[in-house]
Every structure is written in C-alpha cells, then in structure tokens.
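Down below is the structure, laid out as structure tokens.
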Amino acid sequence: MQLLRDGDEVGQLARFDLNHAYRLSPDVESVLDSVRLSLIESVRAQPHDDCLLRPAHPRCRAGSVPERHRKSDAGLRPRPDFLGPAPHPRAHGRPQSRLRRQRDCSARSRRPRRAQRGLHGARRRGPHPTLAVAIFLQGRLDQSRGPVVRDFAGLVGLVTGAGSGIGRSSALEFARRGAAVGVLDLNEHAAAETARLITEAGGTAQAITVDIGDEPSVRAAVDRISAAYGGLDFAFNNAGVPSTNRQLTAMPSDEWEHVIRVNLTGTFLCMKYELPALRRRGGGAIVNTASNGGLYAIPRAPAYVASKHGIVGLSKAAAVDYAPDNIRVNALCPALTRTEMYESVAAGTDMTAQQEALTPLGRLAIPDEVAAAAVWLCSTQASYVTGIALSVDGGRRA
C-alpha cells in the first residue's frame, strides 16, 4: 500500500510502502486514505521554505520547487547573498565544496533552523508520521489478534485434543498463520467443529477421530495427515485426562493404568510415529503438553503428577536423541486454565478464587494464552529452543 500515490504531486517525491512491515485491514486502508489526502493538502498549503521535502532532490520535477532550491548549471545551489562573493572554485588548491563548509559562524547562527528535513536522507527522529498513524490505527482496529503473520504458510501439523480448550485454540492459531492442520480428538463431533471453524475462516484442516492410547489408531491418524498434505512439519500433543481427587492408597489400579496409558503412553505413541514423519521432511518441532503438575507435586493427584512428570522427562530425552535430525522437542507446562473442562469442575465452588489468590497475576490463564506459547515453540522464532519445560503459570513458580 502506498500512502502517497504516484498520481499525487507529493507522491512523486516520496512513497512509503508498509506491506513489508504490516498487513493492514480494509478498515485501516479506508481510514489511511483520508489521512493521506489530509497530509497531501497540508503539505501543498505550506510555503516552500517550510516544506519538509528535501530541496533539489534528483527526483524533483521541474516547477515543483522554487528556483532557489534547484541546482545551478554548475551543479551547485546558488550561493546565499549574505555569504558575499563566491571564491574561485580552485582557490588555495581546495575544492569549492570544502570552502563552502567554512562559513562564518555568526552568519550561520542568523539562518533560520530547519526543524526536520524531508523523507530522503533526513535527520528525522522517530518513525515517519504517516507510519505512526498506520501503526496506531492498526492497533486500534485490530486489538484482539494483531497483524496476521503467516509464518506457518506451507507447513503441515497436527494437534491432539483439538476438540476443545487449549487444543482448539492452538489449532485455530496454527491455521490462522497459514498451516494445514490435522484436528485430532477422541470426540468426533468436537473435532469436526474445530475443523469447521478453521475452514470457515479460510484455513485448511481435516478432522480425525483418534484414541491416543491405542497404537493402531495413532499410527493411522499420523499416516492419514502425512498422506493428505504431503508430510508433517510439527505436532502439538495436547490430549490428556485428569485423575480423581484421592491419595495413592485410595486410588484403584485401573484408574492409575488409565491415566498413565492416556497421558504418558499416549504421548509416547504419538511421538513414535511423528518423529519418522518429521525426519522425512528434514526436521520439525514437537510440543508435548505436561502441566505444572510435571514440575511439582499437586496434592491428591498421584497418577496425574506421575504422568506429567513422565512427559517432561520423555520430551527431554527425545530432544537430545533427535537434535541431530533437526527436530526440536519441548514440554509445555500450563497452570490451571479456564477451559470448558475446568469451568464444569469449578462451577459452584470457590476453586477459581482460591487459585487466583495463589497466582501473582491475580487470574487464571485463558486457552488462547497457552496456545500462543505452543505456537511459539513450534515456530522458527524458537529455532534454538529444545529440551525445555516451559511454564505458563502467571508467576506461580517465581
């Protein structure tokens, strides 16, 4: 977008292109059109002595600046009257351009000071005012998401547990940034709804029903995504289950086995089939959702804490083993997040107030905030980050 267009008198002298820095919405385009016209009229109304455009710029057209601002036939601007007669160009064996710099200080001090020069080679401090307007308007009109950055364009990824909560938020964000996303969830209708939201927004997604605790189901899902889109570049293994509120001696063995099977073994199975697909593409990234329960103990949740600690250890081990293949593996450790599952558990209790009191930021996370961390870990911006357990907890471990 050219804020000063070629057809305008000022636009012939100065063009400013923002497409490389910002992706402006149609609302910003329309507002900036009116801003552009106002700027042009204000510049045209100014006398040439105060004009911000640099005089005698080589792109100036004939008649666009006064005669005194143009270069003379000798290639030099006319000498001001108060400097007196011009010396010979080769006086004392030095070029005239050097002599011109040796001006009388008192005469120089009487010259009106130019506050800011033009767009070409000027000493302007801060961004160009039109750019500042564009940045301000973009922020005001698109505060929720900010400028669209399609840094995942052409990449293929999958998200498990993408039917709701953090998984759905991350799948939507990956797709918004240009990725083709495999939406995996045990709930067929929830996965289909996430895929529908992505496609309606102009993205690419495929919903697949999968049980991450079942090896054939995981293998089929990864193969299906790879076949549909030509490979796999990243994976966010987010699916998991909680455990009931009880101590170890009161926990049935089948509940222990179920939590470990889904959370820890399920993550192992996903990575088992994702890693070869990433290696075939020359590398990639995997993010595994643990939780703060993978970093410290949570009372009355032995199976959950054990499974999440296992995910952190599994992620670190894989990060070391597969770093030579240009594959990064990290664990994401969010604290309590206000997902649909959490709201259903906390309804009618004072759990939220208690947890907010323990959090320095004074509130619980929302799914979009945790999803943003997962997207960053999968992006090239985290290209030197591997083998970490990233805590997203509002400062609870500070």
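Provide the gained length on full extension for the span V345 to T244, in nm with one decimal, where the gain is 0.36 nm per separating residue minus the Cα-Cα distance.
35.2 nm
Using modelled amide H (1.01 Å from N, peptide plane; none on Pro or chain starts), what sits under 5 Å from the amide H of A205, excluding residues fewer than 5 places away?
Under 5 Å from the amide H of A205 lie the amide H atoms of V181, each far enough along the sequence or on another chain.
Please give me the summed charge of the neighbours of G163: other residues whose Cβ is under 14 Å from its Cβ, Lys and Arg +1, Asp and Glu -1.
For residues surrounding G163, the net value is -3.
Using the crude model of +1 on Lys and Arg Cβ and -1 on Asp and Glu Cβ, and no other charge, please compute the dipole size for segment 156-392 relative to its Cα centre, in debye to 20.
560 debye
Quick one: Karplus J couplings for segment 227-240, per residue in order, coefficients 6.51, -1.76, 1.60, θ = phi - 60°, nearest Hz, x for Gly and Pro?
Karplus values, whole Hz, x for Gly and Pro: 5, 5, 10, x, x, 9, 10, 7, 8, 10, 8, 10, 5, x.
Show the residues, 5+ positions off or on another chain, whose built amide H is closer than 5 Å to the amide H of L155.
Amide H neighbours of L155: A180.
Among K316, K308, what is the fewest-to-most ranking by other Cβ atoms within 10 Å?
Placing the least packed residue first, the sequence is K316, K308.
Taking K and R as +1 and D and E as -1, what net charge do the other residues with C-beta under 14 Å from the C-beta of L186 add up to?
-3
Could you go through segment 339-356 in sequence order and give the Karplus-derived ³J(HN,Hα) for each residue, using 6.51 cos²θ - 1.76 cosθ + 1.60 with θ = phi - 60°, rounded to whole Hz, and x for Gly and Pro?
My calculation for segment 339-356 gives 8, 4, 5, 5, 4, 5, 6, 7, 4, x, 10, 9, 4, 4, 4, 5, 5, 5 Hz in order.
Residue by residue through segment 287-301, what is 3J(HN,Hα) from phi via Karplus (6.51 cos²θ - 1.76 cosθ + 1.60, θ = phi - 60°)? Round to whole Hz and write x for glycine and proline.
Result, ordered by residue: 10, 10, 7, 9, 3, 5, x, x, 10, 8, 6, 10, x, 6, 8 Hz.
Mind sorting D254, D321, D393, D211 by how few other Cβ atoms lie within 10 Å of their own Cβ, fewest first?
Going from sparsest to densest Cβ surroundings: D254, D321, D211, D393.
Read-outs throughout are calculated quantities, based only on the coordinates presented, and are distinct from any laboratory measurement. In this text the structure is predicted, and so the values were computed from the model without any measurement. Glycine gets a Cβ as well: all are built from the backbone with ideal geometry, and neighbour counts include every protein chain shown.
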